[in-house]
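**Student:** This structure is in structure tokens; I'll ask about it shortly.
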Amino acid sequence: MDSGRGTIAEAVAARWGDHRPGLWCGERVYTQHEVAAGAAARAALFTDLLPPDAVPHIGVLLDNTPEFPLWLGAAALAGAAVAGVNPTRRGAELARDIRHIECPVLVTERARLPLLAGLELPGVRLLVTDGPEYGALLAPYLGAFPDPSRAAPADRMLLYFTSGSTGAPKAALCSQGRLAAAGRSLVQQFRVGADDVHYICMPMFHGNAVIADWAPALMAGAGVALRRRFSASGFLADVRRYRATYFTYVGRAVQYILATEARSDDRDNPLRLGFGTEAGAVDAAAFEERFGVRLVEGYGSSEGGAAIQWSPGTPAGAVGRAAAGLVVLDQETGEECPVAVFDSGGRLLNGDEAIGELVNRAPNPFEGYWRNPAAEAERRRGGWYWTGDLFYRDGDGYLYFAGRTDDRIRVDGENLAAAMIENIVARYGGADAVAVYGVPDPVTGDQVMATIAGRFEPLDFAEFLLAQPDLGTKMAPRFVRVVERMPVTATNKIQRAALRREGVRCADPVWWRPPGEQTYRRLTPEDAEGPLVSTRGPSSVRRQGLEPRTR
């Protein structure tokens, strides 16, 4: 690795003449040289297709096929930017995303054409990578050399959409210099070498796969193995097939892998590291026990304005130590929150005071949003970067993730973090996946609701909760929705906003613990409309926590 490279384009060009295997997808194998040559050809094609005065943006609506990294390399060489388009979006929302990124060219495949049928996309030219015209379009450019001189570190490289749960998704910006620096940082942190193989099973339209998986592989000259779409059942077979040593994950991907049938030879694999977010301490420990692979939970805001690195000695449950400038602030007063206080069982005793929003008061690499000054100003309030994520810190400066700011649950005047309750409920033996969120209380504030995918036994679950030393009396779920499979996004993140909207009035079975009762029973339609549950009328019932059952 040449740590002096300042652009992605330079890293792409450096692979010219390298005839080692560099990209695998199914049965197809490309050498590193072929990847560089393919990127150069596509860069030349795009340059000729770009209309005068058009914004140099390339929309990409693809699964994880070889064309995706080839067009990433092409964009870098052309001084352009790739905007990954989420294929789970539909109709007007999908059209809005494509129009917002102002791409004169949209690269897609035949399987995705039905999504585009009937959409108003003026000025957008489609390139269908498995269509009959694509090869003919590329043919004149196949001898192109990857010249990195057109690119500068400040050039836009990525526009990647962040969550749209509170409005239309925002397109965060990432320059070539920042992406190259992120890749180099992960190379150094995880000692990635040219002999490593990075397994990319997370969707490449999402920043995780590109920033945390593809970029470090490119900077190190490592190989890349693609999975068209994530498959828990195909995970281990792919890892063995491609001799993969590194992978990234987001959302509930690790839970799905753990839910596959265990085998005696699960530890017989070449992986040495998994890096990602939201696996949770319980699943990370189970993954290492089963597969012999350490998972490193990291934190980085999608927009790049704050990051926390894990280091040896980080306590269980913590993400890492706060770097200079990172503070936890009270959202109302703007004052720094006090340090967390724990009891002997590890339960957070002062969550209402200790939990606040993580803010970066130091200079940071946040580069803004495309055409969204209001959202950008909200992130940069007072000249600082506000992450929108809840944390608390211990006396040694270690930070603990407590969820999104909109995941805070207020019960009996006390603020609870959904992520903390979720981590506790995830220990329940019947749960394959867990989501915790607030639903309206009939008087004021919220009640805690959990959705569990997997087996649920009401008496067993109540006994389980009583045995958890770090479960506060107000944390116990009042309602439990039981589903066969957790609803997730294309990046395996739980659709909490949809679960929250549906609340107790859903098609799935819901169990509840009425005030004063110690165990759970099935919620009936009459219960759902009654004064203890319904928000449509007043109730004088005092909300209670789960109390130990008399034996």
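**Student:** Within region 258-299, which residues are at pLDDT below 95, over 16 Å from Lys493 (Cβ atoms) and of a type in the set (A, V, I, L, M)?
**Tutor:** Leu258, Ala259, Ala281, Val282, Ala284, Ala285, Ala286, Leu295, Val296 - these are the residues of region 258-299 that are at pLDDT below 95, over 16 Å from Lys493 (Cβ atoms) and of a type in the set (A, V, I, L, M).
**Student:** Quick check: is even one residue across region 182-189 of a type in the set (Val, Ile, Thr) and at pLDDT 95 or above?
**Tutor:** Yes: one or more hits.
**Student:** Tally the residues that are among the charged types (D, E, K, R), within 34 Å of the chain's Cα centre (by Cα) and buried (at least 16 other Cβ atoms within 10 Å of the Cβ), restricting the search to region 503-536.
**Tutor:** 1
Let's see how each residue does on (1) at pLDDT 90 or above; (2) outside any loop (DSSP other than H, G, I, E, B); (3) not assigned by TED's automatic domain parsing to the domain that holds Ile424:
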position	(1), (2), (3)
Gly472	no, no, no
Thr491	no, no, no
Leu499	yes, yes, no
Asp508	yes, no, no
Pro514	no, no, no
Thr519	no, no, no
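**Student:** Being under 26 Å from Ala171 (Cβ atoms) and either among the aliphatic types (A, V, I, L, M) or surrounded by fewer than 21 Cβ atoms within 10 Å (Cβ to Cβ) (or both) narrows it down to one of Ala377, Ala435, so name that one.
**Tutor:** Exactly one residue qualifies, and that residue is Ala377.
**Student:** Sticking with this one: Would you list the strands (runs of 3 or more DSSP E) that sit entirely within region 379-465 and hold 3 or more residues that are within 17 Å of Pro477 (Cβ to Cβ) and touching a strand residue (DSSP E or B) at 6+ places or on another chain (Cβ under 8 Å)?
**Tutor:** 408-411, 414-417, 431-440, 446-454
**Student:** Okay, next question. Looking at Thr451, Thr491, which one is within 20 Å of Glu278 (Cα to Cα), surrounded by 21 or more Cβ atoms within 10 Å (Cβ to Cβ), of a type in the set (Ser, Thr, Tyr) and in contact with a Leu (Cβ under 6 Å, 6 or more places away or on another chain)?
**Tutor:** Within the list Thr451, Thr491, the selection yields Thr451.
**Student:** Please give the strands (runs of 3 or more DSSP E) falling wholly within region 272-365 in which 1 or more residues are basic (Lys, Arg) and either assigned by TED's automatic domain parsing to the domain that holds Leu159 or under 24 Å from Ala212 (Cα atoms) (or both).
**Tutor:** So the answer is 294-297.
**Student:** Let me ask you something else. Looking at Trp71, Trp24, Trp16, which is the one that is farther than 22 Å from Phe205 by Cα, assigned by TED's automatic domain parsing to the domain that holds Ala151 and in contact (Cβ under 8 Å) with a residue 24 or more places away in the chain?
**Tutor:** Every option except Trp16 fails the conditions.
**Student:** Given (1) crowded, with 24+ Cβ neighbours inside 10 Å; (2) in a helix (DSSP H, G or I), identify the lone condition not met by Ile211.
**Tutor:** Among (1) crowded, with 24+ Cβ neighbours inside 10 Å; (2) in a helix (DSSP H, G or I), Ile211 violates only (1).
**Student:** Tell me the residue from Thr489, Thr519 that is under 30 Å from Thr88 (Cα atoms), in contact (Cβ under 8 Å) with a residue 24 or more places away in the chain and hydroxyl-bearing (Ser, Thr, Tyr), please.
**Tutor:** Thr489
**Student:** Can you tell me which residue in region 474-489 is nearest to Ser231 (Cα to Cα), limited to those that are of a type in the set (Val, Ile, Thr) and part of a strand (DSSP E or B)?
**Tutor:** Of everything passing the filter in region 474-489, Val488 is nearest to Ser231 (Cα to Cα).
**Student:** Are there strands (runs of 3 or more DSSP E) fully within region 70-128 with at least 3 residues that are among the small types (Gly, Ala, Ser) and over 23 Å from the mean Cα position of the chain (by Cα)? List them.
**Tutor:** none
**Student:** Assess whether Val35 counts as being of a type in the set (A, V, I, L, M, F, W, C), assigned to a helix (DSSP H, G or I), without any contact (Cβ under 8 Å) to a residue 40 or more places away in the chain and crowded, with 16+ Cβ neighbours inside 10 Å.
**Tutor:** yes
**Student:** Also: Answer with yes or no whether Thr47 is surrounded by fewer than 22 Cβ atoms within 10 Å (Cβ to Cβ), farther than 22 Å from Ile200 by Cβ and of a type in the set (S, T, N, Q).
**Tutor:** For Thr47, the condition - surrounded by fewer than 22 Cβ atoms within 10 Å (Cβ to Cβ), farther than 22 Å from Ile200 by Cβ and of a type in the set (S, T, N, Q) - is met.
**Student:** Condition first: modelled with pLDDT under 95 and under 25 Å from Leu399 (Cα atoms). Can you find one or more residues in region 237-248 that meet it?
**Tutor:** No.
**Student:** Still on this structure, I have one more. In the set Glu297, Glu288, Glu332, Glu336, which member is acidic (Asp, Glu) and surrounded by 15 or more Cβ atoms within 10 Å (Cβ to Cβ)?
**Tutor:** Matching residue, one of Glu297, Glu288, Glu332, Glu336: Glu297.
**Student:** Can you find a residue in region 139-157 that is polar (S, T, N, Q) and out of contact with any Leu (no Cβ under 8 Å at 6 or more places or on another chain)?
**Tutor:** yes
**Student:** Search region 142-161 for residues being of a type in the set (Gly, Ala, Ser) and within 29 Å of the chain's Cα centre (by Cα), and hand back the single one that is nearest to Pro365 (Cα to Cα).
**Tutor:** Among those that are of a type in the set (Gly, Ala, Ser) and within 29 Å of the chain's Cα centre (by Cα), it is Ala154.
**Student:** Does Val319 satisfy the condition of being surrounded by fewer than 20 Cβ atoms within 10 Å (Cβ to Cβ) and under 24 Å from Val425 (Cα atoms)?
**Tutor:** In short, no.
**Student:** Continuing with the same structure: Count, please, the residues in region 230-289 that happen to be in contact with a strand residue (DSSP E or B) (Cβ under 6 Å, 6 or more places away or on another chain) and acidic (Asp, Glu).
**Tutor:** Of the residues in that region, 1 qualify.
The values are calculated or read from the model by the stated rules, or taken from the named source; none is laboratory data. Owing to the predicted nature of the structure, the values given are computational and were not obtained by experimental measurement. Reconstructed Cβ throughout: ideal geometry from the backbone, glycine too, with neighbour counts over all protein chains shown.
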